[in-house]
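Okay, so here's the structure we're looking at.
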2 protein chains.
Amino acid sequence: MLKSKKTIAKDLSSIVSDGNVITDESTIKVYAKNASHMEGNAIAVVFPNNTEEVSEIVKYCYKNNIKIYPQASASELTGSSLPREDGVIVSFERMNKIKNINILDSYVVVEPGVRLYDLNLELSIYGFMFPIDPASIKIATVGGAINTGAGGMRGVKYGTMKDWVNELEIVIPNEYGTILKIGCKTSKCRQGYDLVRLIVGSEGTLALVTEATLKITPLPENVITLAAFFDDIEGLVNALLEIKKNKLDILIMEFVDDKSVELTLKVLKINIAGNGHYFVTSIITSPESSERVLSLVENILKRNGAKNVYKAKTLDEAESEGIFDIRRNYDIGLRDLVVKMRKNPASKIIDYNEDISVPPSKLPEAVRRIREIEKRYGLPLTLAGHVGDGNLHPVIKIEEKNIEQIETYEKMKSEILKAVIELGGTVSSEHGIGLDKKKDLIMELKSKNSVKAIDIMKSIKQTFDPKNILNPGKIFEV
Amino acid sequence: MLKSKKTIAKDLSSIVSDGNVITDESTIKVYAKNASHMEGNAIAVVFPNNTEEVSEIVKYCYKNNIKIYPQASASELTGSSLPREDGVIVSFERMNKIKNINILDSYVVVEPGVRLYDLNLELSIYGFMFPIDPASIKIATVGGAINTGAGGMRGVKYGTMKDWVNELEIVIPNEYGTILKIGCKTSKCRQGYDLVRLIVGSEGTLALVTEATLKITPLPENVITLAAFFDDIEGLVNALLEIKKNKLDILIMEFVDDKSVELTLKVLKINIAGNGHYFVTSIITSPESSERVLSLVENILKRNGAKNVYKAKTLDEAESEGIFDIRRNYDIGLRDLVVKMRKNPASKIIDYNEDISVPPSKLPEAVRRIREIEKRYGLPLTLAGHVGDGNLHPVIKIEEKNIEQIETYEKMKSEILKAVIELGGTVSSEHGIGLDKKKDLIMELKSKNSVKAIDIMKSIKQTFDPKNILNPGKIFEV
């Protein structure tokens with residue numbers, strides 16, 4: 001039998017200091033949402049101030065069979081941070097200190113509640129940065145980014161979170177609330193099995209991260225940017241290949257498909273004009289070589305059929321020209337369209353953000369198939385992504401609570417993910433599995449005859465979390 | 001009861017085709033050695049030709065309780081590839097095909113027996129490379145590099161193997177010889193727990209790798225190199241920090257300590273001359289900016305007390321000037337010294353290569369303490385490493401079978417590793433744990449109050465390898 005809510009709140013209050021437990025239902029509801037349209041519930045929200053308190057909370061919950069749902073800004077999109085009424089939200093909001101910035105040793109030590117944006121503000125003073133930049137960077141926290149295995153626009157150069165975590169302090173959901181340090185302060189580190197990478201991307205299901213040592217890197221010296229419109233998507237892909245072959249230091253390679261460009265430019269008032277598929281690439285250069293590289297890439301783009309090439313010698317110039325605006329706002333045209341199309345004028349519009357990858361060579365086929373699926377089902381979508389590494393983010397918007405649209409969306413989504421798997425891609429790239437992609441992950445593994453991987457994961461889960469009290473039901477069914 | 005050697009060899013021959021099983025004892029002895037001074041033994045060496053054969057071998061060994069020791073070039077230094085007489089060596093020498101080079105999608109698909117050097121020869125045709133470059137690159141294989149979690153001289157820029165593996169095909173040592181594909185062809189990939197990174201660095205104890213999809217990257221456009229001698233190691237470290245702060249694209253940052261420089265230059269006849277601590281750094285630049293960056297870094301070096309600065313505008317120039325020679329050959333002076341010092345003129349000299357890391361800021365203290373330990377015990381050592389990421393490789397050479405020297409070495413090693421841990425470093429950086437570092441890993445984890453990590457690893461081992469038949473006794477005692 002679970003204790004009463006009141007008792008649990010009182011008991012938790014005795015662990016964390018006063019004012020660090022919330023039981024007010026309307027406030028809990030705010031914490032029980034994620035950045036998608038998903039909603040959960042919880043007994044309480046508890047805000048630990050340090051690792052020892054986290055360990056005490058874990059011991060208490062273990063003993064009393066209370067589930068633990070770790071969370072910080074809950075900016076994720078798959079439901080991985082979503083709590084249920086059988087447990088408490090452990091929010092890392094108040095563990096948000098940057099403990100150490102070490103330029104010589106190229107690392108920072110931070111608490112999980114530090115926001116990526118704030119970390120970068122601090123690091124920029126030294127000419128350094130933490131390069132992982134999810135679209136949610138202004139609110140996303142270090143702990144959330146670690147658990148989600150976050151990526152971003154610069155992934156083609158810097159990869160994802162797994163490449164940037166040196167050391168973690170974690171609390172294991174066992175009867176002792178065991179505190180462990182895994183990994184090293186140095187970036188090279190061999191300690192047997194890579195437990196650090198096992199936690200990165202585990203979506204808060206294995207352990208609670210209470211401190212992270214992250215690798216940092218110098219800001220790029222100078223960044224040039226080019227953008228262009230292509231009638232022919234094959235031409236765009238050929239340009240991409242030629243750019244890759246020129247020994248350049250590619251920072252960003254983004255794509256918006258022709259239909260999304262059309263929709264977006266109807267709404268977005270900017271100086272960038274054109275039609276066709278939009279391609280943007282940023283390349284790190286020295287100031288001395290930027291003119292040459294700009295010409296080189298311009299020629300590659302034009303040779304492969306680009307129209308209206310835009311160029312910027314610095315990132316500031318690119319921003320003031322609005323070169324990234326179509327890509328960043330590729331769903332506002334769709335929003336406009338869906339608002340106009342809705343049957344119930346009072347209905348809220350909700351987003352479904354997909355997070356697929358296909359090898360870049362399969363981009364033309366992927367776009368064709370996704371647009372064909374759209375046509376067949378009739379729910380409009382918008383399509384853009386990080387084409388340098390093949391990561392695409394189709395967005396479908398529907399009216400909230402419109403059962404018919406939700407059903408159609410589910411069918412569309414399922415067909416899109418099937419197509420992605422057939423093209424040798426993956427159903428999740430940087431958003432994770434959460435609640436939303438559990439079936440899709442199994443479909444992907446089945447296509448590789450590798451469903452047994454789920455059994456291995458379950459066994460690992462059992463090792464860390466014998467009572468299944470930590471963020472249960474995410475990634476796979478236990 | 002184990003079957004007889006003869007029966008086992010016959011049974012294995014029926015799985016792999018004729019000529020793919022070796023039972024000749026003197027040949028087995030050759031395969032049962034690693035690149036250090038360690039020797040093992042085995043029932044037979046079996047050479048599978050494809051994944052299905054690997055799976056059949058596993059099934060057979062599982063059923064008959066025969067241990068499996070996976071291996072390719074056995075160029076490792078910790079004993080992780082060392083077999084025992086209770087099992088067979090499964091050599092991946094003959095699974096050495098490059099199956100696919102895909103520049104547009106930036107990956108290669110290779111069998112585990114492909115040598116890193118050969119892979120890079122092929123990739124250079126396209127202006128691409130696989131950047132992990134252990135000193136053993138000419139013989140090291142992909143499978144070995146994955147299992148060891150290999151790094152190298154370019155680690156300050158490119159990290160280690162964990163950062164370059166997209167997808168793996170593995171065979172699990174269970175009764176079915178289960179074949180699994182884990183990870184994706186694309187570099188962004190979320191499939192729940194990161195099983196790919198769990199295999200990378202697992203030293204062949206969890207599964208047999210039968211195919212790998214590796215990320216590749218363009219060759220650098222142009223590389224400049226500077227080298228200098230410092231009387232004062234603090235000056236060297238300050239120079240390193242200043243270089244890091246200049247938003248440069250650092251490829252290599254190496255170090256040889258003053259005593260090693262002195263010993264080495266007694267033997268090595270090159271044009272680079274000087275005394276003090278040797279520092280070499282290579283930086284990726286455009287051709288247009290190389291003059292400016294050369295001056296910039298030269299000024300930083302001189303400002304921090306560098307003498308005799310050497311500069312090269314290209315890697316070819318650096319090689320012909322011999323800028324890397326002191327670093328690459330930092331142990332030949334020691335060899336000469338030890339040969340002269342030996343008591344038994346016929347004795348063989350054997351190497352002990354350490355593989356520690358300390359945060360670069362702790363380099364001066366690390367060098368002081370290691371030299372103090374040397375003085376106390378009297379066995380001479382040589383010291384160099386990848387100072388950009390803090391990874392140092394002290395080498396101690398002794399006479400083979402000289403019990404007194406071996407005992408002294410063990411004491412020295414133990415004290416060096418203790419000092420490293422006190423300085424916030426790690427006892428293994430890119431060579432792994434194997435047999436050699438098992439106790440040291442526990443010492444390191446103890447210092448962080450994290451020995452429990454070993455229990456987690458054992459439980460993971462049990463999940464993959466329920467009968468403990470795959471490379472038993474490595475990393476930890478089961």
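Residues in the range A:186-209 that are closer than 24 Å to B:L423 by Cβ and either in contact (Cβ under 8 Å) with a residue 60 or more places away in the chain or under 19 Å from the mean Cα position of the chain (by Cα) (or both): A:T186, A:S187, A:V196.
Taken over the range A:392-430, the criterion of being of a type in the set (S, T, N, Q), within 27 Å of A:N471 (Cα to Cα) and buried (at least 17 other Cβ atoms within 10 Å of the Cβ) is satisfied by A:T426, A:S428, A:S429. Looking across the range B:280-311, the residues that are among the charged types (D, E, K, R) and away from chain A (no Cβ under 14 Å) come down to B:E298, B:K302, B:R303, B:K307, B:K311.
Remark: B:G424 falls outside the filter, which requires a residue to be over 26 Å from B:K244 (Cα atoms) and within 14 Å of chain A (Cβ to nearest Cβ).
Scan the range A:185-205 and tell me whether some residue there is polar (S, T, N, Q) and more than 8 Å from chain B (Cβ to nearest Cβ). Checked against the condition, which is being polar (S, T, N, Q) and more than 8 Å from chain B (Cβ to nearest Cβ), the range A:185-205 yields at least one hit.
Considering the range A:144-162, and only residues there that are open to solvent by 20 Å² or more (accessible area, probe 1.4 Å) and within 11 Å of the chain's Cα centre (by Cα), the residue that is farthest from the other protein chains (Cβ to nearest Cβ) turns out to be A:G144.
Contact map, the range B:336-349: first residue free of Cβ contacts under 8 Å to residues at least 12 places away in the same chain, second residue part of a helix (DSSP H, G or I) and of a type outside the set (S, T, Y), Cβ cut-off under 7 Å, separation 6 or more or different chains; the map is empty. Residues of the range A:68-77 include none that is under 19 Å from the mean Cα position of the chain (by Cα), in contact (Cβ under 8 Å) with a residue 40 or more places away in the chain and more than 24 Å from A:D436 (Cβ to Cβ). Each residue in the range B:436-460 was checked for being within 16 Å of A:I199 (Cα to Cα), crowded, with 17+ Cβ neighbours inside 10 Å and facing chain A (nearest Cβ under 7 Å), and 5 pass.
For A:P360, the test of being over 17 Å from A:V395 (Cβ atoms) and within 14 Å of chain B (Cβ to nearest Cβ) is passed. The strands (runs of 3 or more DSSP E) located wholly in the range A:260-375 that include 2 or more residues which are within 22 Å of A:I250 (Cβ to Cβ) occupy A:277-285, A:306-312. Contact map, the range A:17-42: residues that are of a type in the set (V, I, T) paired with residues that are part of a loop (DSSP other than H, G, I, E, B) and open to solvent by 40 Å² or more (accessible area, probe 1.4 Å), Cβ distance under 8 Å, separation 6+ or inter-chain. Pairs shown: A:I28/A:N41. Set side by side, the residues A:K362, A:K340, A:K375 differ, and just one is closer than 23 Å to B:E167 by Cβ and either of a type in the set (S, T, N, Q) or open to solvent by 80 Å² or more (accessible area, probe 1.4 Å) (or both), which is A:K362. Within the range A:318-335, the set of residues being in contact (Cβ under 8 Å) with a residue 24 or more places away in the chain and either acidic (D, E) or crowded, with 22+ Cβ neighbours inside 10 Å (or both) comprises A:A318, A:E321, A:I323, A:D325, A:I326, A:R327, A:Y330, A:D331, A:G333, A:L334.
Confirm whether B:K362 is out of contact with any Gly (no Cβ under 9 Å at 6 or more places or on another chain) and of a type in the set (K, R). For B:K362, the condition - out of contact with any Gly (no Cβ under 9 Å at 6 or more places or on another chain) and of a type in the set (K, R) - is not met. The sole residue among B:V171, B:V165, B:V108 that is more than 30 Å from B:A9 (Cβ to Cβ), within 12 Å of chain A (Cβ to nearest Cβ) and not aromatic (F, W, Y) is B:V165.
Among the residues making up the range B:421-474, those that are more than 16 Å from A:I182 (Cβ to Cβ) and over 23 Å from the mean Cα position of the chain (by Cα) are B:E422, B:Q462, B:T463, B:F464, B:D465, B:P466, B:K467, B:N468, B:I469.
A:I433 meets each of the listed conditions (1) part of a helix (DSSP H, G or I); (2) open to solvent by less than 10 Å² (accessible area, probe 1.4 Å) apart from (1). Taking the condition charged (D, E, K, R), closer than 30 Å to A:E175 by Cα and within 14 Å of chain B (Cβ to nearest Cβ), does A:D389 pass? When the stated conditions are applied, A:D389 does not pass them. Filtered by the rule that a residue be touching a Lys or Arg at 6+ places or on another chain (Cβ under 8 Å) and open to solvent by 40 Å² or more (accessible area, probe 1.4 Å), the range A:111-134 gives A:R115, A:Y117, A:Y126.
The set of residues in the range B:193-239 that are aromatic (F, W, Y) and under 30 Å from A:Q191 (Cβ atoms) contains only B:Y193.
If you scan the range B:210-222, which residues turn out to be of a type outside the set (S, T, Y), at pLDDT 95 or above and either closer than 22 Å to B:D105 by Cα or open to solvent by 30 Å² or more (accessible area, probe 1.4 Å) (or both)? Matches in the range B:210-222: B:E211, B:A212, B:L214, B:K215, B:I216, B:P218, B:L219, B:P220. Among the criteria (1) modelled with pLDDT of 95 or more; (2) crowded, with 22+ Cβ neighbours inside 10 Å, the one A:K99 does not fulfil is (2).
Table: residues versus (1) within 24 Å of A:I103 (Cβ to Cβ); (2) within 12 Å of chain A (Cβ to nearest Cβ); (3) aromatic (F, W, Y).
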| site | (1), (2), (3) |
| --- | --- |
| B:P220 | yes, yes, no |
| B:I224 | yes, yes, no |
| B:F230 | yes, no, yes |
| B:E234 | yes, yes, no |
| B:E242 | yes, yes, no |
| B:K247 | yes, yes, no |
| B:E262 | no, no, no |
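Hey, can you tell me all the residues within the range B:1-30 that are open to solvent by 40 Å² or more (accessible area, probe 1.4 Å) and within 30 Å of B:E400 (Cβ to Cβ)? Listed by number, the residues that qualify are B:K5, B:T23, B:D24, B:E25, B:S26, B:T27, B:K29, B:V30.
Of the residues making up the range B:469-476, not a single one is more than 7 Å from chain A (Cβ to nearest Cβ) and open to solvent by 20 Å² or more (accessible area, probe 1.4 Å).
The values are calculated or read from the model by the stated rules, or taken from the named source; none is laboratory data. Bear in mind the structure is a predicted one, so any value in this text is a computation, not a measurement. Please note: Cβ atoms are built from the backbone with ideal geometry, for glycine as well, and neighbour counts cover all protein chains shown. Note: areas computed on protein heavy atoms with side chains; ligands, DNA, RNA excluded. Shrake-Rupley method; radii C 1.70, N 1.55, O 1.52, S 1.80 Å.
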